[in-house]
6 protein chains.
Amino acid sequence: MPIVTIRAFEGRTVEQKRKLAKDITDVVMKNFEVEADRVLIHFFDMPKHNVAKAGKLFIDQ
Amino acid sequence: MPIVTIRAFEGRTVEQKRKLAKDITDVVMKNFEVEADRVLIHFFDMPKHNVAKAGKLFIDQ
Amino acid sequence: MPIVTIRAFEGRTVEQKRKLAKDITDVVMKNFEVEADRVLIHFFDMPKHNVAKAGKLFIDQ
Amino acid sequence: MPIVTIRAFEGRTVEQKRKLAKDITDVVMKNFEVEADRVLIHFFDMPKHNVAKAGKLFIDQ
Amino acid sequence: MPIVTIRAFEGRTVEQKRKLAKDITDVVMKNFEVEADRVLIHFFDMPKHNVAKAGKLFIDQ
Amino acid sequence: MPIVTIRAFEGRTVEQKRKLAKDITDVVMKNFEVEADRVLIHFFDMPKHNVAKAGKLFIDQ
């Protein structure tokens with residue numbers, strides 16, 4: 001704890017996730033006053049045919 | 001907001017998701033009185049070897 | 001299965017949830033061809049101080 | 001209900017999930033006093049490039 | 001990792017959760033071959049007006 | 001999208017969440033190249049009797 005879960009469209013590179021994981025960990029540590037090894041991060045890669053906004057899948061927008 | 005997440009067995013077509021996303025958005029708008037572009041929908045496709053009921057995976061039922 | 005999870009701002013009445021649960025079940029049954037008792041719905045009531053958009057909590061927007 | 005969701009690194013075999021699903025169902029039934037067919041279990045297989053601890057992806061640890 | 005999330009109706013005692021947390025940790029360790037301190041468990045207490053099956057809230061069943 | 005969900009022990013102040021929401025939004029925008037209003041953040045406040053590690057609830061650790 002804390003556990004941070006990020007659902008974002010698939011297509012981000014491992015390097016983008018590597019940097020974001022580092023940055024999120026830093027800001028969680030700073031603001032919630034926890035040690036680094038308490039921060040867990042999970043990415044879920046969402047395909048555009050599995051996400052909708054305003055009633056439309058993103059493949060149709 | 002609202003965020004609607006649907007976990008269902010994999011195998012549904014994009015067309016099925018397209019129609020369900022539209023229908024869910026409509027009923028959320030009607031009952032919760034929100035505008036269309038506030039409704040986000042996420043589908044998670046679950047393989048049958050990753051879901052169990054009554055102690056048995058669905059591939060074994 | 002399917003499991004439908006809805007995160008929405010707290011404040012909706014039980015009657016609103018009752019009707020939305022009925023309507024979502026109907027459209028899931030129709031589009032995903034499942035029987036009624038397979039559809040589970042979970043509501044999570046989110047306080048406005050626990051949701052942010054564009055970097056701002058909703059109590060500040 | 002109850003719904004049990006397990007996020008673990010990918011690579012576990014179907015046999016491992018089969019046994020864990022059985023065991024978790026047993027202990028949920030015993031401790032929460034529910035019948036077997038009320039216990040649903042969902043596994044999510046997490047790739048090591050999608051999980052971070054202490055600011056580092058597991059592919060880098 | 002693994003992270004185990006349990007959504008169950010509210011009303012279970014702390015003692016019930018204490019025992020279930022112990023038992024689930026044991027079976028996860030045994031079947032997935034992980035050490036105890038890798039197993040995290042989160043309980044979410046669901047009120048009956050926030051869960052529906054077959055289109056009906058549990059307060060109406 | 002992206003949707004960021006943070007499960008942390010209850011007790012953080014609104015001010016801590018306000019600042020963390022701002023900081024997370026900034027690092028998601030920078031690393032995933034999205035606009036601010038695409039970033040949604042949800043906090044879940046976890047009581048210590050609802051979280052376990054190594055088979056023990058946090059109220060017992």
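The values are calculated or read from the model by the stated rules, or taken from the named source; none is laboratory data. Here the structure is a predicted model, which is why all the values come from computation and not from measurement. Backbone-built Cβ (ideal geometry, glycine too); neighbour counts: all protein chains shown. What goes into the accessible areas is simple: the full protein's heavy atoms, side chains included, and nothing from ligands, DNA or RNA. Shrake-Rupley method; radii C 1.70, N 1.55, O 1.52, S 1.80 Å.
Observations
- Any hit, segment B:52-59, residues being more than 11 Å from the chain's Cα centre (by Cα), aromatic (Phe, Trp, Tyr) and either modelled with pLDDT under 95 or farther than 30 Å from residue C:47 by Cα (or both): yes
Yes or no, residue by residue, for (1) more than 7 Å from chain C (Cβ to nearest Cβ); (2) surrounded by 22 or more Cβ atoms within 10 Å (Cβ to Cβ); (3) closer than 21 Å to residue B:39 by Cβ:
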{"site": "F:1", "(1), (2), (3)": "yes, no, yes"}
{"site": "F:5", "(1), (2), (3)": "yes, no, yes"}
{"site": "F:8", "(1), (2), (3)": "yes, yes, no"}
{"site": "F:11", "(1), (2), (3)": "yes, no, no"}
{"site": "F:15", "(1), (2), (3)": "yes, no, no"}
{"site": "F:18", "(1), (2), (3)": "no, no, no"}
{"site": "F:29", "(1), (2), (3)": "yes, no, no"}
{"site": "F:32", "(1), (2), (3)": "yes, no, no"}
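- Among the criteria (1) touching a Ser or Thr at 6+ places or on another chain (Cβ under 7 Å); (2) open to solvent by 20 Å² or more (accessible area, probe 1.4 Å); (3) more than 14 Å from chain A (Cβ to nearest Cβ), the one residue B:55 does not fulfil is (2).
- Hits in segment E:34-49 - residues which are closer than 28 Å to residue C:41 by Cβ and either of a type in the set (D, E, K, R) or more than 8 Å from chain F (Cβ to nearest Cβ) (or both): E:45, E:46, E:47, E:48, E:49
- Residue A:37 surrounded by fewer than 17 Cβ atoms within 10 Å (Cβ to Cβ), touching a strand residue (DSSP E or B) at 6+ places or on another chain (Cβ under 7 Å) and modelled with pLDDT of 95 or more: yes
- Residue within segment F:15-38 that is more than 16 Å from residue A:3 (Cβ to Cβ), hydroxyl-bearing (Ser, Thr, Tyr) and assigned to a loop (DSSP other than H, G, I, E, B) present: no
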